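The values are calculated or read from the model by the stated rules, or taken from the named source; none is laboratory data. Note that the coordinates shown come from a computational prediction; the quantities given were computed from them, not determined experimentally. All Cβ positions, glycine included, derive from the backbone under ideal geometry; neighbour counts span all protein chains shown. Please note that ligands, DNA and RNA were not included when accessible areas were found on the heavy atoms of the full protein model with its side chains. Shrake-Rupley method; radii C 1.70, N 1.55, O 1.52, S 1.80 Å.
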Amino acid sequence: MRAGRLWAALAPVVLLSGCAGPATALLPYAREIEQTALMEALAVDLAPEGVRATASSSARAGTEGAPGGEPLVLQSAAETVAAACGRMQTYGADNVFFGDVEHVLLGEELAEEGLWDLLGHMARDPELRLEAELWVVEGEAAGALFDAAGDGGAPARLSALEDDARLLGAPAPKTAREALAELLQDGCTLLPLLAREEVREGQGLQGEGTAAQSGYALFRGGRLAGMAREKEAHGMDLLLDRGEGRLLALSAPDGRETSLRLAQVRTAVRPVFQEGALTGLSVTCRIQAEVAELRGGGMDEALRSWLEAQAAREAGESIAAALALCQRLECDCLHLGPRAALAVPWEKEALKEQWPAAFAGLELQLDVQAAVARM
């Protein structure tokens, strides 16, 4: 993916190498690649001027006989994101190219104000792309988190967090295009949450802090409505058929310590009507898990049954916590309404009409079962 975007940046240079004059007018965004700083992460915060944009490149790889370079980090404040990024073009001798931005971070204050302006800018800007992934930073300015990115720079750290989401069942990033589509559908979306975490011995990281996932940010009407952490965030993943790779550490009554790895999650939702009125939501979740590690003895049927019951109980508590948060905030960021309509298409119109007013008070009917594979 990145190679394709880099070729897009290089193509005008290649075309211009053998011609001059009129061709330049046909390619207004042509750049000499040797004089171009490719930015791969962008943070946007509120500022007295309007907004503050912070951009970061990756650490530059060295060549034989020449050391690599540190990530280039630029910052500017202006009335708009476009103006702030434009001012960065005046810094130094290099061109600053934003077409390679893969990650966009939003400060908490900006998220509270709303996503619409930023997403609208990304949709219109000739360089920024809606395929960039969105993150929300809590507790500090989004640009300040670049200081906790480590030696590889913010792009490398964010890519590592993206891999964690896929391999370890952590909160998953979402592209700006996906978020915009969900907001246009019903005004709600869900974005991963980042926070600064103290670096502990053995993590293999430099510095005193690092960027770490801390849950999800919930948006209603395009504005930050609340945050989901730990159990609530895990429940949201389960409701979205996610979580594969997540480890559950369980201690059996007989003292045996076990780690389970989620291998598959399948969740279905169905509305409950009584005499034509929407009164509840039925959630069915089926989990497949594997034993990642077992200490203190072998696996027997008694232990396997206990592990299945415990995994189902914890999953059920997480799902219930996630739904309770969404209902309290009146924020269907999981888009359960449209999903429920697929289960009873003959009730689609009734569900669409009643869902907004009924959602916060729906009674939950939860059925969670877990199966642990035999060793």
- Task: Working only within the stretch 246-260, note down all residues that are polar (S, T, N, Q) and surrounded by 14 or more Cβ atoms within 10 Å (Cβ to Cβ).
- Result: 258, 259
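Just wondering, is there one or more residues in the stretch 166-174 that are at pLDDT below 90, of a type in the set (Gly, Ala, Ser), farther than 23 Å from residue 39 by Cβ and under 11 Å from the mean Cα position of the chain (by Cα)?
Let us first name the residues in the stretch 166-174 that are at pLDDT below 90, namely 166-173.
Now drop any that are not of a type in the set (Gly, Ala, Ser), which leaves 169-170, 172.
Those still in the list that are farther than 23 Å from residue 39 by Cβ too: 169-170, 172.
Adding the requirement that they be under 11 Å from the mean Cα position of the chain (by Cα) leaves 170, 172.
Within the stretch 166-174 (the criterion being at pLDDT below 90, of a type in the set (Gly, Ala, Ser), farther than 23 Å from residue 39 by Cβ and under 11 Å from the mean Cα position of the chain (by Cα)), the answer is yes, since at least one residue qualifies.
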- Pick out the one residue from 344, 368 that is touching a Gly at 6+ places or on another chain (Cβ under 6 Å) and β-branched (Val, Ile, Thr). 368
- Task: Determine whether the stretch 145-167 contains at least one residue that is within 28 Å of residue 337 (Cα to Cα), in contact with a helix residue (DSSP H, G or I) (Cβ under 9 Å, 6 or more places away or on another chain) and of a type in the set (Phe, Trp, Tyr).
- Result: no
- Task: Tell me which of these residue 302 doesn't satisfy, since it passes every other one: (1) open to solvent by 60 Å² or more (accessible area, probe 1.4 Å); (2) in a strand (DSSP E or B); (3) of a type in the set (A, V, I, L, M, F, W, C); (4) farther than 25 Å from residue 228 by Cβ.
- Result: (2)
- Which pairs have Cβ atoms under 6 Å, sit 6 or more apart or on different chains, and link a residue in the stretch 343-369 that is loosely packed, with under 12 Cβ neighbours inside 10 Å to one that is outside any helix (DSSP H, G or I)? 363/280
- Task: Could you tell me whether the stretch 331-342 includes any residue that is farther than 23 Å from residue 182 by Cβ, in contact with a strand residue (DSSP E or B) (Cβ under 9 Å, 6 or more places away or on another chain) and touching a residue at least 12 places away in the same chain (Cβ under 8 Å)?
- Result: no
- Message: Being touching a strand residue (DSSP E or B) at 6+ places or on another chain (Cβ under 8 Å), in a strand (DSSP E or B) and open to solvent by less than 30 Å² (accessible area, probe 1.4 Å) is the requirement here; does residue 283 meet it?
- Response: yes
- Query: Could you count how many residues in the stretch 261-279 are open to solvent by 20 Å² or more (accessible area, probe 1.4 Å) and in contact with a helix residue (DSSP H, G or I) (Cβ under 6 Å, 6 or more places away or on another chain)?
  - Reply: 1
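Give 320, 292 a once-over and let me know the one that is open to solvent by 30 Å² or more (accessible area, probe 1.4 Å), touching a strand residue (DSSP E or B) at 6+ places or on another chain (Cβ under 9 Å), under 17 Å from residue 268 (Cβ atoms) and among the small types (Gly, Ala, Ser). Show your work before the answer.
Numbers: 292 fails: under 17 Å from residue 268 (Cβ atoms).
After ruling out the rest, the residue left standing is 320.
Please tell me if residue 227 is open to solvent by 10 Å² or more (accessible area, probe 1.4 Å), more than 22 Å from residue 102 (Cβ to Cβ) and touching a residue at least 60 places away in the same chain (Cβ under 8 Å).
On the way: open to solvent by 10 Å² or more (accessible area, probe 1.4 Å): yes; more than 22 Å from residue 102 (Cβ to Cβ): yes; touching a residue at least 60 places away in the same chain (Cβ under 8 Å): yes.
Judged against the criteria, residue 227 is a match.
Within the stretch 105-112, identify whether any single residue is out of contact with any Ser or Thr (no Cβ under 7 Å at 6 or more places or on another chain) and over 18 Å from residue 226 (Cβ atoms), and answer yes or no.
Kept after step one, since they are out of contact with any Ser or Thr (no Cβ under 7 Å at 6 or more places or on another chain), are these residues of the stretch 105-112: 105-112.
Now drop any that are not over 18 Å from residue 226 (Cβ atoms), which leaves 105.
Within the stretch 105-112, one or more residues are out of contact with any Ser or Thr (no Cβ under 7 Å at 6 or more places or on another chain) and over 18 Å from residue 226 (Cβ atoms).
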